[in-house]
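**Q** Before I ask anything, here is the structure I am working with.
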Amino acid sequence: MDDRSDSGLLARVEDGVATLTLNRPRQFNALSSAMLAALHSELDKLATDESVRVVVITGSGSAFCSGHDLKEMHGASPETVAALFASCSAMMQKLIALPQPVIAAVNGLATAAGCQLVAQCDLAIAADNARFAVSGINLGLFCSTPAVALTRNVSRKRAAEMLFTGEFIEAETALDWGLVNRVEPAALLMESVREYASTLKARPRASLASGKALFYRQLEAGMRAAYEEASRAIASDMGSAEAREGVDAFLGKRPPSWKA
């Protein structure tokens, strides 16, 4: 995977972990059309790269992501703006479709579509100085697309509060509300993320991939349909080589081969 610094995105793979760094620090890593195109390209590659076990998304500088690039959008045609939002929404859905778990390493400010990106990642670890907001309402622009991800992470009342007021919440509040999984000292953020990624890498790849897909399918289904889907999935998983080895290892009181 190559660096895409001209697009505002840096991408690297190390020891089975792909790290995508939003790299427009002077613009607080705002999502330009070029950055979105680069994200699409990298996510498409990762979707078929079996050597990559975990994906991490983070930002450079003091911000994780400040949302869409308003300077780029200002004065653009309605068709251009609509295409930009459609591209961003499609990129967010690719995060769910990836077979690998995706961790947001929230190194700082996450606003509007940046907060959406945190919410859309499977998991999130935030620095203790990170702050979150869906602040479009303060500009006369309701954060409609961020609302999709946000309302699937935090409770209805808390999502409404963030969306209707545009006010910031601190990292500890984001943890309490369920927007992030953990909060770490800023200096230790990436170390903590690497440790978390190592935990995920120790899990069987195929089982994690099928489990992630099932997780999102059942989430959008009614209870009866969710149980039917989950029953089919777990029955299928029981016949997999990974599950057979895992059960044999458990009964034999030894670690499974895929954990070695």
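**Q** Taking +1 at the Cβ of each Lys and Arg and -1 at the Cβ of each Asp and Glu, which of 32, 239, 116 sits farthest along the dipole of the chain towards its positive end, judged by Cα position relative to the Cα centre?
**A** 239
**Q** Another question, if that's okay. Using θ = phi - 60° and the Karplus form 6.51 cos²θ - 1.76 cosθ + 1.60, what ³J(HN,Hα) does each residue of the stretch 135-150 get, whole Hz, x for Gly and Pro?
**A** Running phi through 6.51 cos²θ - 1.76 cosθ + 1.60 with θ = phi - 60° gives 9, x, 4, 5, 9, x, 10, 5, 6, 5, 6, x, 4, 4, 6, 4 Hz.
**Q** In addition: Provide 227, 196 ordered by accessible surface of protein heavy atoms (probe 1.4 Å), highest first.
**A** On the way: 227 155, 196 35 Å².
Correct descending sequence by accessible area is 227, 196.
**Q** Give me, ordered by chain and number, the residues 5 or more places off residue 124 or on other chains with an amide H under 5 Å from its own placed amide H.
**A** 104, 181, 182
**Q** Relative contact order of the stretch 87-147, please, whole-number percent, based on alpha carbon pairs below 8 angstrom and at least 6 residues apart. Let's see the in-between values first.
**A** Numbers: 83 pairs, mean separation 20.7, N = 61.
Computed over the stretch 87-147, the figure is 34 percent.
**Q** Quick one: net charge of residue 128's neighbours, Cβ under 15 Å, K/R +1, D/E -1? Walk me through the numbers on the way to the answer.
**A** Working: positive: 131, 182; negative: 170, 172, 176, 184, 191.
Net charge around residue 128: -3.
**Q** Most fluctuating residue of 220, 242, 170 in a GNM of the chain with Cα springs under 10 Å: which is it?
**A** 220
**Q** While we're here: Compute the relative contact order of the chain as a whole-number percentage, counting only Cα pairs closer than 8 Å that sit 6 or more residues apart in sequence. Intermediate results must be reported in sequence, preceding the final value.
**A** Details: 456 pairs, mean separation 37.5, N = 260.
The normalised contact order for the chain reaches 14 percent.
**Q** Full-extension gain between residue 97 and residue 47, please, as 0.36 nm times their residue separation minus the C-alpha to C-alpha distance.
**A** 17.2 nm
**Q** Among 68-77, 115-124, how do they line up by average Cβ neighbours within 10 Å per residue, starting with the highest?
**A** Working: 68-77: 14.0, 115-124: 25.6.
Most protected by this proxy first, the peptides run 115-124, 68-77.
**Q** Provide the per-residue ³J(HN,Hα) series for the stretch 200-214, in order, calculated from phi with Karplus coefficients 6.51, -1.76, 1.60 and θ = phi - 60°, each as a whole number of Hz, with x at glycine and proline positions.
**A** Residue by residue, the stretch 200-214 yields 5, 5, 7, 8, x, 4, 5, 5, 5, 5, 5, x, 4, 4, 5 Hz.
**Q** To continue, here is another question. Keeping the other protein chains in place, figure out the carbon and sulfur percent of the accessible area of the chain, with a 1.4 Å probe. Display every interim value, and only then the final one.
**A** Numbers: 7380 of 13260 Å².
With neighbouring chains kept in place, the figure for the chain is 56 percent.
**Q** Counting alpha carbon pairs within less than 8 Å and at least 6 residues apart, what relative contact order, in whole percent, applies to the stretch 10-101? It would help to have the intermediate numbers written out before the result.
**A** On the way: 112 pairs, mean separation 33.9, N = 92.
The normalised contact order for the stretch 10-101 reaches 37 percent.
**Q** Report, in deg cm²/dmol and to the nearest 500, the calculated mean residue ellipticity at 222 nm for the chain, where each DSSP H run with n ≥ 4 adds -39500 (n - 2.57) and the sum is divided by the residue count. Working shown, then result.
**A** On the way: 11 runs with 125 residues, N = 260.
Dividing the helical sum by the residues of the chain leaves -14500 deg cm²/dmol.
**Q** Here is a further query. Could you tally the net charge around residue 194, taking each other residue with its Cβ under 15 Å from the Cβ of residue 194, Lys/Arg +1 and Asp/Glu -1?
**A** Its environment carries a net charge of -1.
**Q** Can I ask one more? How big is the dipole moment of the chain about its Cα centre under a simple scheme where the beta carbon of each Lys and Arg is +1, that of each Asp and Glu is -1, and everything else is neutral? Debye, nearest 20, please.
**A** Details: 26 positive and 29 negative charges, 101 e Å.
Magnitude of the dipole: close to 480 debye.
**Q** If we count every other residue with Cβ under 12 angstrom of residue 91's Cβ, Lys/Arg +1 and Asp/Glu -1, where does the sum land?
**A** Working: positive: 94; negative: 42, 44.
In short, -1.
**Q** Would you mind checking which residues have amide H under 5 Å from residue 59's amide H? H placed 1.01 Å from N; only 5 or more apart, or other chain.
**A** Result for residue 59 returns 22, 107.
**Q** What are the ³J(HN,Hα) couplings of the stretch 61-74, residue after residue, when phi is run through the Karplus curve with 6.51, -1.76, 1.60 and θ = phi - 60°? Round to Hz, x for glycine and proline.
**A** x, 8, 10, 7, 6, 8, x, 5, 7, 5, 5, 5, 7, 4
**Q** Just want the answer: with Cβ charges of +1 for Lys and Arg and -1 for Asp and Glu, which residue in 181, 164, 135 is farthest toward the dipole's positive end in the stretch 121-184?
**A** 164
**Q** Identify which of the listed values of Rg and Dmax of the Cα atoms in Å was calculated from the structure shown: [x] 19.8, 62; [y] 19.1, 67; [z] 19.4, 72.
**A** This structure yields the entry labelled [y].
**Q** In Å², and per residue, what accessible area does the stretch 49-170 have when probed at 1.4 Å with the other protein chains present?
**A** Details: 5110 Å² over 122 residues.
About 42 Å² of surface per residue is accessible.
**Q** Which entries of 212/253; 45/253; 45/201 have Cα-Cα distances beyond 29 Å here?
**A** Violating the 29 Å limit, Cα to Cα: 45/253.
The values are calculated or read from the model by the stated rules, or taken from the named source; none is laboratory data. Note that the structure is predicted; figures quoted are calculated from it, not measured. Ideal geometry is used to build each Cβ from the backbone, glycine not excepted, and the neighbour counts take in all protein chains shown. Heads up: the accessible areas ignore ligands, DNA and RNA and are worked out on the full protein's heavy atoms, side chains in. Shrake-Rupley method; radii C 1.70, N 1.55, O 1.52, S 1.80 Å.
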